[in-house]
Amino acid sequence: MTKKPLLLLLLFLQVGLVAQAQQEPVDLDAVHRIKQEGLQNSQVMQTAFYLTDVSGPRLSGSPGLMRASEWAKKQLTDWGLKNAQLEAWGDFGRGWEVEKSYIALTAPYYQQLIATPKAWTPGTDKEISGEAVLVQLDKEEDLQQYKGKLQGKIILTKIDEHAKTTFEADAKRYSEEELHDLAMSLEATRSQSRWTPERIAEYRARMALRNKAAEFFQQEGAAVILSSRGGTHGTHFTSNGAAYAPNAKAALPEMEMGLEDYNRIVRLLEAKQPVKLEVNTKTRFVDNDMKGYNVIAEIPGTDKKLKDEVVMLGGHIDSWHGSTGATDNAAGVAVMMEAVRILQAAGFKPRRTIRIALWSGEEQGLYGSRGYVKQHFGDPATMQLTKEHEKLSAYYNLDNGTGKIRGIYLQGNDAVRPIMEAWLAPFNDLGATTTTIRNTGGTDHLAFDAVGLPGFQFIQDEIDYDTRTHHTNQDSYDRLQADDLRQAATIVASMVYHTAMRDKKLPRKPLPKPREAS
């Protein structure tokens, strides 16, 4: 490209930015100060370290979650935020944690294996040495052939997943083409959900069979269940194997492992090779306080007319237990904490109150955010709204891993598009360029959207979230991308600041219908 067309292009872009700024005011001096603090003096990785390495796994209701929540409350207070507290959102159930976990193959040879107890399952509480048994299970009637044969045995079932060699990196960023497609989308929701009615029916049938099998194994006196939901190269996915309700039925000890270890045992058993395993796990239920808590803190507003209005930001602080929940979602929590630290350190005096919320119980069903919204803003079942509902301008959420922010999902609220485009313009050079009408689901902004409040989730580069870290034993501090988190915190701080300083609250969509009526 010659110099003249390049200069014309740069001039055109500058004119475009000015035009946007005229439509929606952008405080470029504030942006500069935010960038200086966020990119040059960042503490986001130190915050992530305390949330992960120091606090440990943060399963809902667990001591690890309480450690992280208490630390976050103190840190927010130390940064100068006000009214920091652990606010109860309702009853959750029993907490749970792992105190010991060991499994090894002892015959036909010795080999230590990688596995994690499933959440809310009991431990073996002593070392168990037993034979492995492969249960062929396609329908409930298949269980009868194992009656009287499973006492003291360690159970596996055949799965239709195998470790595959890949020739591309796990991690990826959004391409310009993908971001363009997002921006050009006319549909608020993706038209083709992978959860078709047929797939939902299949999943429900599979879970019903699994539950029947678990009851049968327990009745037959089996010692341990082994299972796998995939994962390769030492990675395995973790989840819950029993309920957390105080009156939940007893379950067997169960461990999840990756495909390499699991399928090795299956292959040996299919070849009629005797397999023995050694298992020793100890887990602990926590029932001294079965309430759920969110961490809440504020930067008070200073405008006499607007200080009672609120701008919120947050992410969920709970995690699964196979690792320390770094990308899901210590990354999001660290970014949101860093955003309010930036605003405090830069000395801003927002017109509206800025409130950070770190949610618990997200992994079990968005319980923390839904409980908070119901208490403070309204009930989506009846659409009975509170006085606080009128006072909220917006809620910003972060919960898609460690990747940098590339834009924002508008959640079907097209009226905010020119506002968001103007506020993102100073960060186009950092890769944040895209607004899309689409909604992204599965996390805490949905609680706000359910009662007609502007709730937004940011578009983030996936990195290796879906393939390596999301709900796995590899979701550790080492997977965090420091530069990406600095970029994200800086952008969030600016978005929140401009929302707090705006003359009017952000535009809203029409109120949804009560869920009871739908």
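Taken together, the values in this text are just the output of simple stated rules run on the coordinates, not laboratory data. All values reported here derive from a predicted model rather than from experimental measurement. Don't worry about glycine lacking a Cβ; one is built from the backbone with ideal geometry, like all the others, and counts go over all protein chains shown.
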- Tally Lys and Arg at +1 and Asp and Glu at -1 over the other residues with C-beta under 13 Å from the C-beta of ALA489: what net charge comes out? 0
- Roughly how many nanometres apart are two label points built 7 Å out from the Cα toward the Cβ at MET290 and ASP160? 3.9
- Cross-link reach from LYS291 to aspartates and glutamates, straight Cα distance under 16 Å and at least 8 residues apart if same chain, gives GLU70, GLU87, ASP91, ASP318, GLU362, GLU363
- Quick one: length gained pulling GLN273 to ARG204 fully straight, 0.36 nm per residue minus the C-alpha distance? 21.5 nm
- Between GLN36 and ASP414, 0.36 nm times their residue separation minus their Cα-Cα distance comes to what? 132.9 nm
- Multiply the residue gap between THR382 and GLU176 by 0.36 nm, knock off their C-alpha separation, and tell me the result in nm, one decimal place. 69.9 nm
- Would you mind getting the Kirkwood hydrodynamic radius of the chain from its Cα pairs, rounded to one decimal in Å? 24.7
- Query: Within straight cross-link reach of LYS172, meaning Cα distance under 12 Å, which aspartates and glutamates are found once same-chain residues fewer than 8 apart are removed?
  - Reply: ASP461, GLU462, ASP464, ASP466
- Query: Between TYR110 and ASP125, how many nm apart are label points set 7 Å from Cα along the C-beta direction?
  - Reply: 2.8
- Task: Can you put SER228, SER129 in order of Cβ neighbours within 10 angstrom, beginning with the fewest?
- Result: SER129, SER228
- Note on the structure: Given a Förster distance of 45 Å, the FRET efficiency implied by the Cβ-Cβ spacing of LYS307 and SER101, rounded to the nearest 0.05, works out to 0.35
- Listed pairs LYS307/LYS509; LYS35/LYS118; LYS118/LYS139 exceeding 32 Å between Cα atoms: LYS35/LYS118
- Query: When we measure straight from the Cα of LYS212, which aspartates and glutamates land under 14 angstrom away, once same-chain ones fewer than 8 places off are left out?
  - Reply: ASP138, GLU140, GLU141, ASP142, GLU220
- Whole-number percent relative contact order across the chain, with pairs defined as alpha carbons under 8 Å at least 6 apart: 23
- Query: What ranking do LYS505, LYS304 get, fewest neighbouring Cβ atoms within 10 angstrom at the top?
  - Reply: LYS304, LYS505
